[in-house]
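Have a look at the structure below before the remarks.
The values are calculated or read from the model by the stated rules, or taken from the named source; none is laboratory data. As the structure is a computational prediction, the values presented were derived from the model and not from experiment. Neighbour counts are summed over all protein chains in view; Cβ atoms, including those assigned to glycine, are modelled from backbone coordinates with ideal geometry.
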Amino acid sequence: MSPLRPILSGQNIVDTRLGSAYDLLEFIEKHPELFVITGAGISSNSGIQTYRDEIGNWKSNNPIQHSEFLNKEAARKRYWARSFGGWPNVASAKPNDAHKALVKLESRGYVSTLVTQNVDRLHQKAGHKKVTDLHGRLDQVVCMDCGSITSRDQIQAWLRDHNPHISGIEVEKSALRPDGDADVGDKLIHEIKVPQCPSCSGLLKPNVVFYGSTVNKEVVNYLLDRLRKAKALLVIGTSLMVYSSFRFCKYANENQIPMACVNQGLTRGDSLFSLKVGGDCSEVLNQLIGYLPE
Ligand SMILES: [Zn+2]
């Protein structure tokens, strides 16, 4: 029960306490229609890298920017070469205990809305029914000219067929980066042929929200409406450093919606939570499920 140091100014500072999975059980029983936000921390036990360390610093090179991808062929070459190496790890990742725990909470009616910053589709693979992919999905590729959607697997096969020099590359675990990115050699990047839209030969982009782009306004408004109707906000496995997810905490704070958080490190919302549970997402949520009455 030690207070966390407020890191924001001008907010309604609540009396945060550090608690356990049991405290989280009390929280969700008191507020049984949760609006849940998840981030990279929930996928790390599935072998998918997180962007930031426990104090919120970048772990690796900054990710690609939206305008750079659209405007520079060199950036697209770099993206497709690196993602050719990284995609198989995301495609084969399996949901972990934290994803499965949320499926149980949904089936028992505790979760009214689940929003994820992750693009790996692991909540859906676990069987979660209603999920909003706030930053899109990596298993799809979208044409920026005609809007048609192609599966990432189809594009992976195209890349393999048209780039014999990279088709056999194997990427070490240590070279994997978040969002299906991986460190690969400069020569591979320089020589790669990039895919085009199968329908109109237009510019293809993974169906994700790159840094420097924004989340669709209608999606945000729909989610704020869901949050208004929810009884509480639960943040899991994210440092909330990007505004697209932090805005929900800000909104909850302004509307006196109670907030709890499960995260291993510091978050941007630490001064706003009434309960913060530190530790591994899978362990904490597993314990929580164990405490739920049958
Ligand atoms: Zn097209």
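Structure summary
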item	result
Residue selected from segment 188-203 under the condition surrounded by 17 or more Cβ atoms within 10 Å (Cβ to Cβ) and within 16 Å of the ligand (Cβ to nearest atom), by the criterion farthest from Ala157 (Cα to Cα)	Leu203
Where a residue in segment 188-207 is part of a helix (DSSP H, G or I) and its partner, wherever it lies, is loosely packed, with under 14 Cβ neighbours inside 10 Å and at pLDDT below 95, with Cβ under 9 Å and at least six apart	Leu188/His165; Ile189/Ala74; His190/Ala74; Glu191/His165
Entirely in segment 93-161, the strands (runs of 3 or more DSSP E) that have 1 or more residues that are more than 22 Å from His31 (Cβ to Cβ)	131-133, 136-143, 149-151
Leading residue by the ranking (farthest from Ile257 (Cα to Cα)) among those in segment 208-226 that are polar (S, T, N, Q) and in a loop (DSSP other than H, G, I, E, B)	Ser213
Single residue of segment 6-59 satisfying the filter (β-branched (Val, Ile, Thr) and over 26 Å from Ala126 (Cα atoms)) that is modelled with the lowest pLDDT	Ile7
Contacts under 6 angstrom Cβ, first residue in segment 129-145 being at positive phi, partner within 16 Å of the ligand (Cβ to nearest atom), 6 or more apart	Gly136/Asn207
Count of residues meeting criterion [part of a helix (DSSP H, G or I), under 19 Å from the mean Cα position of the chain (by Cα) and not aliphatic (A, V, I, L, M)] in segment 227-262	8
